[in-house]
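The values are calculated or read from the model by the stated rules, or taken from the named source; none is laboratory data. Since the model is a prediction, treat every value here as computed from it, not as a measurement. Here Cβ is always computed from backbone atoms with ideal geometry, including for glycine, and neighbour counts include all displayed protein chains. All accessible areas refer to the heavy atoms of the entire protein, side chains included, with ligands and DNA or RNA removed. Shrake-Rupley method; radii C 1.70, N 1.55, O 1.52, S 1.80 Å.
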Amino acid sequence: MLEQLETQAFQRGLLLRLKVGRPFGLWTLRVVVARPSDPTAFELLGELKGWAYASSHGLQLDTMRVVPKAPAGVGDLIWAATMCWALEATPCRQARLLAIRDDERQHQRLVRYFRQKGFNTVRELEAALGDLPLRLLWGGAGALMTGSIEQVLDKSLSSWRQSAA
């Protein structure tokens, strides 16, 4: 499935690449979508960074970014590629992320966006002492959210295909 996504991206003039590392028994992941800007350079359109450990709940997503001028579907392509990779290369079946709360308005946009992708809020990371380890891991406070990798994949693939129309 991942190869099919790479082919579909190429047919739309996009380059989809995954960089995977395996330090200390973990997987590190960076998914990138770019397009050629000239024969030797590429313009970064979006990326997602994360890591995983060998557990059904082990996929941890950290940074998701899509540039404003990116073509329609780039974000969906990144989500779909990430979920395909997790299903093909890891035992992970659930993903976790933090909708960070730097600014309340932006936080609400993130929560709405992640819900549309198939994530649900598990709990709020606030100032409690018990939240400190997770706040250190994620880099702040916000809504800790989880989603089924298969459901996120299905929604992302559907949106990716619709963006081609």
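When the residues of region 24-49 are filtered to those that are farther than 20 Å from M64 by Cβ and either touching a residue at least 60 places away in the same chain (Cβ under 8 Å) or out of contact with any strand residue (DSSP E or B) (no Cβ under 9 Å at 6 or more places or on another chain) (or both), the one that is most open to solvent (accessible area, probe 1.4 Å) is F24. Here is the figure for region 109-126: residues that are farther than 11 Å from G142 by Cβ and either open to solvent by less than 90 Å² (accessible area, probe 1.4 Å) or part of a strand (DSSP E or B) (or both) total 6. Of the strands (runs of 3 or more DSSP E) entirely within region 2-69, those holding at least 1 residues that are within 25 Å of A141 (Cα to Cα), touching a Ser or Thr at 6+ places or on another chain (Cβ under 6 Å) and modelled with pLDDT of 95 or more occupy 27-38, 41-52. Pairing residues of region 55-77 that are under 20 Å from Q162 (Cα atoms) and surrounded by 14 or more Cβ atoms within 10 Å (Cβ to Cβ) with residues that are modelled with pLDDT of 95 or more and among the aromatic types (F, W, Y), at Cβ distances under 6 Å and at least 6 apart in sequence or on separate chains, gives G73/W160; D76/W160; L77/W160.
For region 133-165, filtered to residues that are surrounded by fewer than 11 Cβ atoms within 10 Å (Cβ to Cβ) and farther than 21 Å from A81 by Cα, the residue that is modelled with the lowest pLDDT is L136. Can you spot a residue in region 93-105 that is more than 11 Å from the chain's Cα centre (by Cα) and within 20 Å of L5 (Cα to Cα)? Yes: one or more hits.
Among the conditions (1) part of a helix (DSSP H, G or I); (2) under 18 Å from T121 (Cβ atoms), A95 misses just one, which is (1).
Taking (1) in a loop (DSSP other than H, G, I, E, B); (2) at pLDDT below 75; (3) among the small types (G, A, S); (4) open to solvent by 20 Å² or more (accessible area, probe 1.4 Å) in turn, G130 satisfies each apart from (1).
May I ask you to list the residues in region 7-23 that are open to solvent by 60 Å² or more (accessible area, probe 1.4 Å), touching a residue at least 12 places away in the same chain (Cβ under 8 Å) and over 20 Å from Q60 (Cα atoms)? Before the answer, list the steps.
Residues of region 7-23 open to solvent by 60 Å² or more (accessible area, probe 1.4 Å): 7-8, 10-12, 17, 19-20, 22.
Of the ones still in play, those that are also touching a residue at least 12 places away in the same chain (Cβ under 8 Å) are 8, 12, 17, 19-20.
Result: Q8, R12.
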